[in-house]
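Report on the structure given below.
The values are calculated or read from the model by the stated rules, or taken from the named source; none is laboratory data. Since we're looking at a predicted model, the values are computed, not measured. Here the Cβ positions follow ideal geometry from the backbone for every residue, glycine too, while neighbour counts run over all protein chains shown.
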Amino acid sequence: MYETKIRSHCPITTGIDVIGDKWTLLIIRHMLFRHKHTYGELLNMKERIASKVLADRLRTLAADDLIEKRNHPTNKKVFLYTLTDKGISTIEIIAKIIKFSTTHYRDQMLTKPVDKTKLSYIFTHAKSEEDFIKDYKKEYIKFRKNLLNF
């Protein structure tokens with residue numbers, strides 16, 4: 001019911017259908033880099049996602065096997081959302097978007113003082129794009145293992 005409907009056999013169209021909406025990569029970013037894993041934490045993105053939109057996107061991401069939804073071990077009213085390996089693999093796409101943005105829109109991004117905790121800063125100061133991807137994949141997998149080891 002919630003799984004993304006694929007419109008054509010074109011790989012670009014398919015990718016856009018699955019992760020190309022306004023919110024999906026921002027939700028994944030929040031999970032992957034900020035280790036947010038509950039509905040409430042994800043709802044508090046500075047981009048201000050609507051509650052209904054977040055609920056819909058989480059259902060679709062789970063149906064598309066990009067995230068997993070589990071019961072919290074001590075509070076049955078709370079769910080834990082974690083990225084699957086398929087969801088973690090979107091880091092390569094996110095890295096390309098960061099590279100594109102920092103290359104072509106640096107001036108617009110630097111309208112405020114440099115924040116060394118921002119992904120754009122971390123990415124541009126990484127040894128390489130490959131190291132950035134490898135390090136964050138490894139870090140998230142460790143976080144997920146610790147979170148789900150209850």
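Do we find that residue 143 is modelled with pLDDT of 95 or more and touching a His at 6+ places or on another chain (Cβ under 6 Å) in this structure? First the steps, then the outcome.
Working: modelled with pLDDT of 95 or more: yes; touching a His at 6+ places or on another chain (Cβ under 6 Å): yes.
It is true that residue 143 is modelled with pLDDT of 95 or more and touching a His at 6+ places or on another chain (Cβ under 6 Å).
Any chance region 92-99 includes a residue that's loosely packed, with under 12 Cβ neighbours inside 10 Å and either more than 20 Å from residue 28 (Cα to Cα) or among the aliphatic types (A, V, I, L, M) (or both)?
Within region 92-99, not a single residue is loosely packed, with under 12 Cβ neighbours inside 10 Å and either more than 20 Å from residue 28 (Cα to Cα) or among the aliphatic types (A, V, I, L, M) (or both).
Checking the condition assigned to a loop (DSSP other than H, G, I, E, B), under 13 Å from the mean Cα position of the chain (by Cα), surrounded by fewer than 16 Cβ atoms within 10 Å (Cβ to Cβ) and free of Cβ contacts under 8 Å to residues at least 24 places away in the same chain, which residue from 22, 46 passes? If you could, list the steps in order and put the result at the bottom.
Working: 46 fails: under 13 Å from the mean Cα position of the chain (by Cα).
Step by step, each of 22, 46 is checked, and only 22 is assigned to a loop (DSSP other than H, G, I, E, B), under 13 Å from the mean Cα position of the chain (by Cα), surrounded by fewer than 16 Cβ atoms within 10 Å (Cβ to Cβ) and free of Cβ contacts under 8 Å to residues at least 24 places away in the same chain.
Would you check which residues across region 53-85 are surrounded by fewer than 13 Cβ atoms within 10 Å (Cβ to Cβ) and modelled with pLDDT of 95 or more and list them?
Going residue by residue through region 53-85, those that are surrounded by fewer than 13 Cβ atoms within 10 Å (Cβ to Cβ) are 65, 71, 73-77, 85.
65, 85, listed by residue number.
So for region 117-131 (the condition being in contact with a strand residue (DSSP E or B) (Cβ under 8 Å, 6 or more places away or on another chain) and among the β-branched types (Val, Ile, Thr)), does at least one residue qualify?
Restricting attention to region 117-131, the residues satisfying the condition of being in contact with a strand residue (DSSP E or B) (Cβ under 8 Å, 6 or more places away or on another chain) are none.
No: zero hits.
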